[in-house]
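Asks: Just dropping this structure here.
Derivation of every value follows stated rules applied to the coordinates shown; laboratory data play no part. Source: prediction; values computed, not measured. So basically every Cβ, Gly included, is an ideal-geometry build from the backbone, and we count neighbours across all protein chains shown.
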Amino acid sequence: MNLDSLRALCLSLPHTTENVQWEDELCFKVGGKIFAMAGLEGVSHRLVFKCDPETFAELTEREGVSPAPYVGRYQWVMLENMDVVPPAELERLIRSSYAMVVRKQRPGPGKRRPGGKRK
């Protein structure tokens, strides 16, 4: 997967926005929360995204994948470049990261929504 195909995938997901933060990080967000980040420096673009604990453990055993700086303890991984994981698997992982971020934003039964209204 390259940067253009990553952008196409992320922007195809509902309500996704993109912006550049921290000078060289292309951030993909839903509801203002990041679900994937790609480094814009260099030829090979590093990629950071969220995953579940089981996937985190499995991915971080692979060469070229490590816990992401600052957020690794929350099961975010960093790929040295997008070729570390096959394209079909990477697409599934990005979609999963998106779904986890969306799910976390939804209030559970009986919890208050912003503005004080119950679900």
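Asks: How do 94-105, 20-31 rank on mean C-beta neighbours within 10 Å, highest first?
Replies: Highest-to-lowest ranking by the protection proxy: 94-105, 20-31.
Asks: Same structure, new question: Could you grab the relative contact order for the chain? Cα pairs under 8 Å, six or more apart, rounded to a whole percent.
Replies: 21
Asks: Taking the chain, how many lysine pairs are there with alpha carbons less than 24 Å apart, if each pair must be eight or more places apart or span two chains?
Replies: The result is 13.
Asks: Over 23 Å, how big is the tail of the calculated P(r) for the chain, in percent of all Cα pairs?
Replies: 30
Asks: Express in nm, to one decimal, how much length is gained between Thr60 and Asp83 on full extension, taking 0.36 nm for each residue of separation and deducting their alpha carbon distance.
Replies: 6.8 nm
Asks: Can you list the HN-Hα couplings for the range 22-31, worked out from phi with the Karplus curve (6.51, -1.76, 1.60; θ = phi - 60°), rounded to whole Hz and with x for Gly and Pro?
Replies: Once θ is set to phi - 60°, the couplings for the range 22-31 become 6, 6, 9, 10, 7, 9, 10, 10, 9, x Hz.
Asks: Which distance in Å, rounded to a whole number, links the C-alpha centroids of the range 48-111 and the range 1-38?
Replies: 14
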